[in-house]
1. Regarding Thr6, is this residue out of contact with any Lys or Arg (no Cβ under 9 Å at 6 or more places or on another chain), closer than 24 Å to Phe81 by Cβ, polar (S, T, N, Q) and touching a residue at least 40 places away in the same chain (Cβ under 8 Å)?
2. Name, by its number, the condition in (1) surrounded by fewer than 20 Cβ atoms within 10 Å (Cβ to Cβ); (2) modelled with pLDDT of 95 or more; (3) over 28 Å from Ile149 (Cα atoms) that does not hold for Lys266.
3. Taking the condition charged (D, E, K, R), closer than 25 Å to Pro202 by Cβ and without any contact (Cβ under 8 Å) to a residue 60 or more places away in the chain, does Lys45 pass?
4. Would you confirm whether any residue within the stretch 192-199 is β-branched (Val, Ile, Thr) and crowded, with 19+ Cβ neighbours inside 10 Å?
5. Could you check Asn157 against (1) under 22 Å from Phe100 (Cβ atoms); (2) part of a helix (DSSP H, G or I) and say which number it fails?
6. Has the stretch 196-212 got at least one residue that is of a type outside the set (D, E, K, R), under 23 Å from Pro94 (Cα atoms) and in contact (Cβ under 8 Å) with a residue 12 or more places away in the chain?
7. Residue under question is Lys228, and the condition is that it be surrounded by fewer than 17 Cβ atoms within 10 Å (Cβ to Cβ) and either more than 23 Å from Glu26 (Cβ to Cβ) or modelled with pLDDT under 95 (or both); does it hold?
Amino acid sequence: MPSIRTKIGPISLENPFMLASGILDENGYTMKRILENGASAVVTKSIGTDERTGYSTPVIVELPYGLINAIGLANPGIDNFGEEIKIALKGNRPVIGSIFGSTPEEFVNLALKMENYGVNAIELNLSCPHVKGFGSEVGSDPDLVEEIIKELKSKINIPVFSKLSPNVTDILSIAKAAERSDALVMINTVRAMSIDIYARKPVLSNKYGGLSGQAIKNIGVRYVYEVKKETGQQIVGVGGIETAEDAVEYIMAGASALQVGTVIHKKGIGVFKELSRELEEFMNHEGYETVSEMTGVALS
């Protein structure tokens, strides 16, 4: 059988399928369980300096083709998260700490604490679409993105991944500003909303949220292709992956690894083993020996 092992920066992965940030990843025991059920790595919930309660309910809209969520970056704060990391690391696979902030100094402080907790890499949330002052607001400023990553790379000793937003005007300029990252993660959710036509008002308490799931897969594939072709950066593909065929599209567009999230709502945590098995079968049928052989083959 072919090998589905892959690498992101210096981190080796048993398979390309990681747990994306924001899904079942605030609790250490849940992250450990997901690692034990086939995920090659987990990315934690995005953690900030202080505890945030997030938005009031409703915070999720279920659609036939995905979810719209506006959680509001709810999290326990960095000083209360160390024990969860410690538990997750018992899954004996990489744990990646997702962080959000508004200044280079805030990102550095968060990253240093995550590194001290023992995470294997940092993922910068530069792309949350629905919280003022964080996420995509930070990630739409190329100068600020470049400064944040420059500061981090000089202060910490673990890889830095930058999660970019599809909601910015020019994603290529942001990708180039983030070139010091060990990898780019693309994409986060697409800004969206849903209206209750009987109540005559938006469904979400925040009105706007982030659309994830199958609805955004082809947007994600397009951005991976475009950024890989333009920059050559190593990329983790995210957005709407439900089958091995979806995964292969991202890989052929240029992704070296993948993150999976919304599909868990539909298929449960067994989806990681299912995707790995299906990918092996596809590679065997098509004559690929390794994931790297497929990476970027559609680029022209």
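1. no
2. Failing condition for Lys266: (2).
3. In short, yes.
4. no
5. It is condition (2) that Asn157 fails.
6. Checking the stretch 196-212: not a single residue is of a type outside the set (D, E, K, R), under 23 Å from Pro94 (Cα atoms) and in contact (Cβ under 8 Å) with a residue 12 or more places away in the chain.
7. In short, no.
Conditions (1) crowded, with 24+ Cβ neighbours inside 10 Å; (2) in a helix (DSSP H, G or I); (3) at pLDDT below 85, marked per residue:
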position	(1), (2), (3)
Glu115	no, yes, no
Val131	no, no, yes
Glu137	no, yes, yes
Glu146	no, yes, no
Ile149	no, yes, no
Lys153	no, yes, no
Pro166	no, no, no
Ser173	no, yes, no
Glu179	no, no, no
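The values are calculated or read from the model by the stated rules, or taken from the named source; none is laboratory data. From a predicted model like this one, the values you see are computed outputs, not experimental measurements. FYI the Cβ positions are ideal-geometry reconstructions off the backbone, even for glycines, and counts take in every protein chain you see.
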